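Okay, so here's the structure we're looking at.
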Amino acid sequence: MLSPSNRMRHSAEFGLVMRKGRRAGRQALGVVYLAPPSDSAAGEEPPRVGFVVSKAVGGAVVRKRVQRRLRHLMRDRIGHLPGGSLLVVRAKPVAASLGYDALAAQLDSALNAVTRPREKRLHERR
């Protein structure tokens, strides 16, 4: 299980992450990541993760199973996130039909995409 100190529970936190976070989508899930502010003492706080599993994924039993799988997968990966960071993992309907290993591969891919440092782009003006 994920530690209670690593769980996001307030809708204000979810809203903040969804508005300002970096996104990465995969076939079975979407991930939104908000890095901790560099000028605050947020690095002392543990990283927190929230899960969104809507009714589109399936009935209550299916949704709970998907949420438990995602929570278990994140337990092993939470240590790689910087302190004070916020992450929302949103399950898509395909997540209910995927096995544990396939879901883990998609979660790893999405986490790598959102936590990778951004490349500086040069935009040409026309």
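The values are calculated or read from the model by the stated rules, or taken from the named source; none is laboratory data. Not measured: the values here are computed from a predicted model. Don't worry about glycine lacking a Cβ; one is built from the backbone with ideal geometry, like all the others, and counts go over all protein chains shown. All accessible areas refer to the heavy atoms of the entire protein, side chains included, with ligands and DNA or RNA removed. Shrake-Rupley method; radii C 1.70, N 1.55, O 1.52, S 1.80 Å.
Screening the range 5-42 for residues that are surrounded by 14 or more Cβ atoms within 10 Å (Cβ to Cβ) and in a helix (DSSP H, G or I) and picking the one that is farthest from the chain's Cα centre (by Cα) gives ALA42. Considered as a group, the residues in the range 43-58 that are modelled with pLDDT under 95 and open to solvent by 70 Å² or more (accessible area, probe 1.4 Å) include one that is nearest to the chain's Cα centre (by Cα), and that residue is GLU45.
For the range 51-61, the criterion of being at negative phi, assigned to a helix (DSSP H, G or I) and among the hydrophobic types (A, V, I, L, M, F, W, C) is met by at least one residue. Consider the range 59-108 and keep the residues that are surrounded by 14 or more Cβ atoms within 10 Å (Cβ to Cβ) and in contact with a Pro (Cβ under 9 Å, 6 or more places away or on another chain). The one that is farthest from LEU34 (Cα to Cα) is ILE78.
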